[in-house]
Structures are given as structure tokens and as C-alpha cells.
Amino acid sequence: MADSTQPARKPTVIITIGMAGSGKTTFVQRINSYLHTAEKPPYILNLDPAVAQLPFEANIDIRDTVDYTQVMKQYNLGPNGGILTALNLFTTKFEQVLELLEKRAPNLEYYPSFSSEVVGKSILQEHHS
């Protein structure tokens, strides 16, 4: 019988950030494959608004909320500005994302988060725990 005084176990969060071509997609694809094989399916977030295609299914995908090419056109931006602006627009929905994650947390062990390219020198990400 579980001790009810112990805090609830929190899932492991894996955040993947890197330069274009650094292997983020391949890394997350392999983690996803491994966890499915181990019968521990992950809850995957895609936070890259500019990725054309994913070789795995994302449970939450920024591209469902923000159209990167439309952001570039609407604000007259290049690729880096488009990515940063799309991420900023997505942050307006992030409380909803956190609520979804909190509801799923008791049933999950892993949250692989596939993040966007590193633009310029750095992108700051605040992660709520």
C-alpha cells in the first residue's frame, strides 16, 4: 500500500535544444522509440514552429497554434525573427499547456520536449516545475 504522505512522483522532463542540424529530431525520435518499446509512452511537446515534418507524433505541437510562415509574412520577419515571434505568440497559450501537463503527470514518467532551433546567441526558456 502506498504511503499517502509521500509527495506525488513527478515525471522526468527532457528538453532538447540545439542548433539547426544538431540532431534534436533524431534524439527525440530515438527516445520516443525506446520508451514505446519499454511500454512507457512519453508525452511529447514540439516547440519548433519551423519544423516541416516530425518522424514521431507530438501530443502538443506549436504548429497547431501558430503558423510560422504566416507570422513571418504578417510581421515582415526573416526566419529567426519568425521563430522568436511564433514562440512569443505561443507563450500566450502556455498556461493551458501547463494545465494539460499537470493533468497527465500522474500517469507519465517522461516529457520529452522537442524545442526549436537556438536563434542568435540564446533563447531563454522558463520551465515551471
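With (1) out of contact with any helix residue (DSSP H, G or I) (no Cβ under 8 Å at 6 or more places or on another chain); (2) part of a helix (DSSP H, G or I); (3) more than 21 Å from Leu108 (Cβ to Cβ); (4) of a type in the set (A, V, I, L, M, F, W, C) as the list, and Ala20 as the residue in question, which single condition is left unmet? Ala20 satisfies all of (1) out of contact with any helix residue (DSSP H, G or I) (no Cβ under 8 Å at 6 or more places or on another chain); (2) part of a helix (DSSP H, G or I); (3) more than 21 Å from Leu108 (Cβ to Cβ); (4) of a type in the set (A, V, I, L, M, F, W, C) except (2). Looking across region 1-56, the residues that are among the polar types (S, T, N, Q), at pLDDT below 90 and over 15 Å from the mean Cα position of the chain (by Cα) come down to Ser4, Thr5, Gln6, Ser22. Could you look through region 109-129, keep only residues that are under 20 Å from Val13 (Cα atoms) and crowded, with 17+ Cβ neighbours inside 10 Å, and pick out the one that is modelled with the highest pLDDT? Applying the filter and picking the extreme gives Tyr110.
Among the residues of region 90-103, are any touching a Leu at 6+ places or on another chain (Cβ under 8 Å), under 22 Å from Pro41 (Cα atoms), open to solvent by less than 20 Å² (accessible area, probe 1.4 Å) and modelled with pLDDT of 85 or more? Yes: region 90-103 contains one or more residues that are touching a Leu at 6+ places or on another chain (Cβ under 8 Å), under 22 Å from Pro41 (Cα atoms), open to solvent by less than 20 Å² (accessible area, probe 1.4 Å) and modelled with pLDDT of 85 or more. Selection of region 44-92 for residues being in contact with a helix residue (DSSP H, G or I) (Cβ under 6 Å, 6 or more places away or on another chain) and small (Gly, Ala, Ser) yields Ala50, Gly82, Ala86.
The values are calculated or read from the model by the stated rules, or taken from the named source; none is laboratory data. Just so we're clear, the structure is a prediction, and the values are computed from it rather than from any experiment. Cβ coordinates were reconstructed from backbone atoms using ideal geometry, including for glycine residues, and neighbour counts include every protein chain displayed. SASA here: full protein model, heavy atoms, side chains in, ligands and nucleic acids out. Shrake-Rupley method; radii C 1.70, N 1.55, O 1.52, S 1.80 Å.
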